[in-house]
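The values are calculated or read from the model by the stated rules, or taken from the named source; none is laboratory data. What you see is a predicted model; the values in this text were computed from it and never measured. Note that each Cβ is placed from the backbone with ideal geometry, even for glycine, and that neighbours are counted across all protein chains shown. Just the protein is used for accessible areas: all its heavy atoms, side chains included, with ligands, DNA and RNA removed. Shrake-Rupley method; radii C 1.70, N 1.55, O 1.52, S 1.80 Å.
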Amino acid sequence: MSYSSEQDPLLPKGPGAPEIQGSRPQSVKDAYAPAPATEVDETSSNNIQNRPNNIWPQLFGICVFAAVFFMLTPPSLYDDIAKHLRPRPNTVEERVSRILEETPLIDGHNDLAIMIRYLFKNRIYGEDFTKPFEQGGMPYHVDLPRLKKGKNGGAFWSAYVGCPEDGTDFSDENYAIPIASTLSQIDLLTRLQHAYPTHFSPPPNSTTALSFFQNNQLISPLAIEGLHQIGNSISNLRHYYDLGVRYATLTHNCHNPYADAALIEISGHTTLAPPKWGGVSPRGRELIHEMNRIGMIVDLAHVSQNTMRDVLGGSPDWEGSLAPPIFSHSSTYTICPHPRNVPDDILQLVKKKNSIVMINFSPDFVSCTANSSNPYGIPDFYPKNSTLEHVVTHIIHIGNLIGYDHVGLGSDYDGIGSTPKGLEDVSKFPDLVAEMLRRGISDEDAAKVVGGNVLRVWADVDAVATKLQAKGVRPLEDELPNLWGEQEFDNITSQKQHPAPYSIQVSNNKNMAPSIAQEPIAQPEIQVKKAFDEKTHETYKYTHYLPVYDNTTVFPPTEPFDVVDKGTLADKAKPNLFATNDANIAITKLTPRVGTEIKGLQLSKLNDAQKNELALLIAERGVVIFRGQDFKDIGAQKQKEFGEYFGKLHVHPVGAHVQDHIELHNIYLGPDNQYRAQRRSTRLTTTGYHSDVSYEHQPPAITILTLLTIPSTGGDTAWTSQVAAYERLSPPIQKLLEGLRAEHSGYPQAENAARDGKHVRRAPVISKHPIVRVHPATGEKALFINQGFTKRIEGLKDEESDALLKLLFAHISGGQDLQVRVKWDDKTVALWDNRITAHTAISDYDIIDYKSQKFLHNRLLEKKSKKQVVSSGNELAKRFYAEADDKLPSEQHIYTPGTLLHEKSYSY
């Protein structure tokens, strides 16, 4: 007998842990033999007959028409016109190239990580790894040259760890090693991405995946292969998601507390698994709902048929997964009757659930024949049909049965010991697409198969997660044992008061009660320094918003996290925000391209549907000005709650904040704080267009700003549209910029703060962002550079980078027809999108003459793609960030994933 399937190098089992046993074939279904290959005819040009002389007036008229047409056609349409006028590809090879250039080929399952673990012990910096990986010649199926040759667009990179040796033991102790090994494999894949950032993207979500493909990076989400890798802890699943894992296979070759597997390993043999739960367990149903809530794709590769039916909604007592699951690397049971493959009746459920089966390249799943006498319940491997053509037969079977919307590719490269003929490694994907075309699959359907379908399902999963989170569905909590043993906590801790915080020490003797250490854990005392003179502000109404500095707290580096732009959830007609029957609402466009003013709506009274539509309006108009607001008087807590709806709160790494509200970033300029006046004395102008803290890895999105106190005249704020700025550029410059990334640095701000004696709460970072970004809610392209934090363009010589940035900075700040200028009053609130605008304060007032001109005090709340910030001062500014890094050169921000609350007392 021979074995040929996925192996588990992490387990010390000698020759490996095969899934399948093969023997001699018994039968082959001739109906599924590959159709003969056909060539596509080349088109030939036709001869043009000579025309009489009177054709010249006709040609003249055509030329005049063409000249007028191009004079009246907006330059932004030239690229679209050129796209449609490109010659139609004629040969199969040309059609394949067009498909893979326009649609990312996303492999549903790649086991590169376990191969690196097996051959290199996860050590990727030595020449023994880097040379073959970078130059070619890696063992098995994957290296960078072959990924490029195969026109790969991305893959779900599996952090695979095999089942524990005793797969029937569901104890925490038995799962400890798989969990630790999983973290090691995730760390490996993260380090690999960091080592090759131009090749592998950070783990994306469905809304950001295409931007990485357009940037010539491999779309690189991670995956785990079996819930034995989370053990008994739902919290592990959430931690994995935060680390970049985007799908979880419910089982590998072992049952677990959540679901039944198709196969199990007994005494060194892989065999058809007897049922444990009869499908999904009760705890498994709860876990799948939690996967739906966080946006983790449910993967059904490796599971039993009953588990498949349960998750796909085929059980009478459970609707199954709310989001479409996937089969990341499975094939069709009708073509190859293996327990790992998907039967036709379940394929019908796949269609009903709008799901996808991604065809596995493992020869044992591609070509097999039934063998009822096999004691392990495994079919026989049939070598004759272990071919590229037979893989296409699996694809065609699904396409003919339920449609090409429900099939994809899941190679299992580097996790299989052999491959079908013609699919030897990742460089062979174009040959597979070519065979699909030759067999009659249309270009449109082929594009769905290579990547369009899995992107659709992924987006559906994220949409379900967004809805559940918007409804306030809470995380599923773990069922934990009592740390106090058999005695009740209340019986042990009968004292009414306990030191806080205290530590718990648990004895190994289960009959002994744990002890409570009476000495509190040492905590550094928080030292707060006021950045204003208390006597000057004895009668000031907003003294509680004046700036202080926490000179103690240190924050770790920000971790990547997923963000759902609330604008993507909105009704584009905005019927909730703009009620047609409310005569008090007045809406005015301040300029044709940027800025809208609204009267008659209170931000503090908006419901969730109105907030979603507001987010979309801000994305469309860049900045929205609300008049007559009570927002600055509703209190810091309610202001933060308003910001938290759009995302997590962002803490500025160096800036001042409001007492007891480190999320509120305060900017203050008064007679006892003359920083702005000192700065103005060294510059010709106080203006400087910028996007806040763009050096963050995940920059901010929406900002809210309101002024607590304003000067009698002056102190306006101006915004410029980076969407309009991009559209004004010529098509050649647009095309050039779309392929470039720029470096944004937080070091100058941190160094200036340290020089001035300010506390740096978080180490500065440098990020590289595309110069042209696409807004997730509108699909519009915008420039993303600013003079405050953008330092150079990656890949260009210094002189080239400086010249191009100088041009763009001048374009953004000098185009007054792209800008809007807003005058403040004491009840004005401004909301803008940092991803598509740049802004500047206009400090044209005199703070020294504060008796006649009130000092400026503002508070800023910022919401990042994943961060938000609030500020206070004579201006109250609140900024919400959804997809951009937020940084203000002289402001103080609080950064946490999602929302930035920022208080500021000066402007830019």
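Exceeding 21 Å between C-alpha atoms, which entries from my cross-link table qualify? They are Lys589/Lys632; Lys768/Lys791; Lys471/Lys605; Lys589/Lys611; Lys121/Lys768; Lys353/Lys611.
On the way: Lys589/Lys632 24 Å; Lys768/Lys791 10 Å; Lys471/Lys605 18 Å; Lys589/Lys611 19 Å; Lys121/Lys768 31 Å; Lys353/Lys611 31 Å.
With Cα atoms farther than 21 Å apart: Lys589/Lys632; Lys121/Lys768; Lys353/Lys611.
Going by average Cβ neighbours within 10 Å, how do the peptides 181-192, 636-647 rank, with the highest at the top?
Details: 181-192: 19.6, 636-647: 21.4.
Top to bottom by mean Cβ count within 10 Å: 636-647, 181-192.
Would you pull out the residues with amide H under 5 Å of Leu740's amide H, same chain only if 5 or more places away, H placed 1.01 Å from N?
Here Ile771, Val772 satisfy the definition.
Please report, to one decimal in angstroms, the Kirkwood hydrodynamic radius of the range 182-256 built from all distinct Cα-Cα pairs. Kindly include the intermediate steps, with their values, before the conclusion.
Working: mean 1/r = 0.0762 Å⁻¹.
Answer for the range 182-256: a Kirkwood hydrodynamic radius of 13.1 Å.
Which semi-axes, in whole Å and largest first, does the equivalent ellipsoid of the range 249-291 have when worked out from the alpha carbon gyration tensor as the square roots of 5 times its eigenvalues?
Working: eigenvalues 95, 18, 8 Å².
Semi-axes (√(5λ), whole Å): 22, 10, 6.
Just need the Rg to Rh number for the range 538-609, please, alpha carbons only, Kirkwood Rh.
Here Rg/Rh amounts to 1.13.
So what are the radius of gyration and Dmax for the Cα set of the range 155-217, in Å?
15.8, 46
What distance in nm separates the two pseudo spin-label positions at Leu401 and Asp478, each 7 Å out from Cα along the beta-carbon direction?
The two pseudo-label positions are separated by 4.0 nm.
Over all directions, the average projected area of the alpha-carbon convex hull for the range 280-406 comes to how many nm²? Write out the running numbers ahead of the final one.
On the way: hull surface 32.6 nm².
In nm², the orientation-averaged hull projection of the range 280-406 is 8.1.
How long is the range 340-461 along each principal axis, judged by its Cα atoms, biggest number first, in Å?
Principal-axis extents of the Cα atoms in the range 340-461, largest first: 42, 32, 26 Å.
Under a 1.4 angstrom probe, counting protein chains only, how are Asp242, Asp716 ranked by accessible area, largest first?
Numbers: Asp242 85, Asp716 20 Å².
The most accessible residue leads, giving Asp242, Asp716.
Under 5 Å between amide H atoms, partner at least 5 residues away or on a different chain: which partners does Phe200 have, H built in plane at 1.01 Å?
When sequence neighbours closer than 5 places are left aside, the close amide H contacts are Leu218.
Using 0.36 nm times the number of residues separating Arg123 and Arg821, minus their current alpha carbon distance, what extension gain do you get? Mind showing how you got there, number by number?
Details: separation 698, 0.36 × 698 = 251.28 nm, distance 5.55 nm.
That pair, Arg123 and Arg821, stretches by 245.7 nm at full extension.
Report the accessible area of Glu800, computed with a 1.4 Å probe over the heavy atoms of all protein chains in place, in Å² rounded to the nearest 10.
Surface open to solvent at Glu800 totals about 100 Å².
Roughly what % of Cα-Cα distances in the range 766-809 sit above 14 Å, to the whole percent?
On the way: 495 of 946 pairs.
Tail fraction, whole percent: 52.
For the range 115-201, take every pair of Cα atoms, bin their distances at 5 Å starting from 0, and report each bin as a whole percent.
With a bin width of 5 Å, the distribution comes to 3, 12, 20, 23, 16, 10, 7, 6, 2, 0.
What Rg and what Dmax come out for the range 327-389 when only alpha-carbon atoms are used, in angstroms?
Both quantities, over Cα of the range 327-389: 12.2, 37 Å.
I need the fraction of alpha carbon pairs in the range 137-275 separated by more than 28 Å, rounded to a whole percent. Provide the component values of the computation, followed by the final result.
Details: 2639 of 9591 pairs.
Roughly 28 percent, once rounded to a whole number.
Figure the gain on full extension for Glu751 and Lys471 (residue separation times 0.36 nm, minus the Cα-Cα span) and round it to one decimal in nm. Mind dumping the intermediate values first?
Values: separation 280, 0.36 × 280 = 100.80 nm, distance 4.31 nm.
Taking Glu751 through Lys471 to full extension adds about 96.5 nm, to one decimal.
Any idea of Met308's accessible area? Nearest 10 Å², probe 1.4 Å.
Answer for Met308: close to 0 Å² accessible.
Quick one: grab the alpha carbon gyration tensor of the range 698-812, order the square roots of its eigenvalues as a ≥ b ≥ c, and give me rounded if a/c is under 1.5, else prolate or oblate depending on whether a/b is larger than b/c.
On the way: a/c = 1.86, a/b = 1.25, b/c = 1.49.
Because a/c hits 1.5 or more and a/b fails to exceed b/c, the range 698-812 counts as oblate.
I'd like the FRET efficiency for Leu736 and Glu93, computed as 1/(1 + (r/R0)^6) with the beta carbon distance as r and R0 of 22 Å, rounded to 0.05.
Numbers: r = 28 Å, r/R0 = 1.29.
The value I calculate is 0.20.
What ³J(HN,Hα) values, in whole Hz, does the Karplus curve 6.51 cos²θ - 1.76 cosθ + 1.60 give for the range 239-244 when θ = phi - 60°, with x put for Gly and Pro?
Coupling constants for the range 239-244: 4, 4, 4, 4, 8, x Hz.
How big is the accessible area of Tyr382 in square angstrom, nearest 10, if you roll a 1.4 angstrom probe over the protein chains?
Solvent-accessible area, nearest 10 Å²: 40 Å².
I'd like the FRET efficiency for Tyr376 and Lys768, computed as 1/(1 + (r/R0)^6) with the beta carbon distance as r and R0 of 56 Å, rounded to 0.05. Display every interim value, and only then the final one.
Details: r = 52 Å, r/R0 = 0.93.
Plugging the Cβ-Cβ distance into 1/(1 + (r/R0)^6) gives 0.60.
Could you give me the ³J(HN,Hα) list for the range 406-422, computed from phi with Karplus coefficients 6.51, -1.76, 1.60 and θ = phi - 60°, whole Hz, x at Gly and Pro?
10, 9, x, 10, x, 5, 6, 4, 6, x, 10, x, 9, 9, x, 4, x
Apply the a/c threshold of 1.5 to the C-alpha gyration tensor of the range 286-360 and tell me whether it is rounded, prolate or oblate. If you can, show how the numbers build up before the last one.
Values: a/c = 1.99, a/b = 1.54, b/c = 1.29.
In terms of gyration-tensor shape, prolate.
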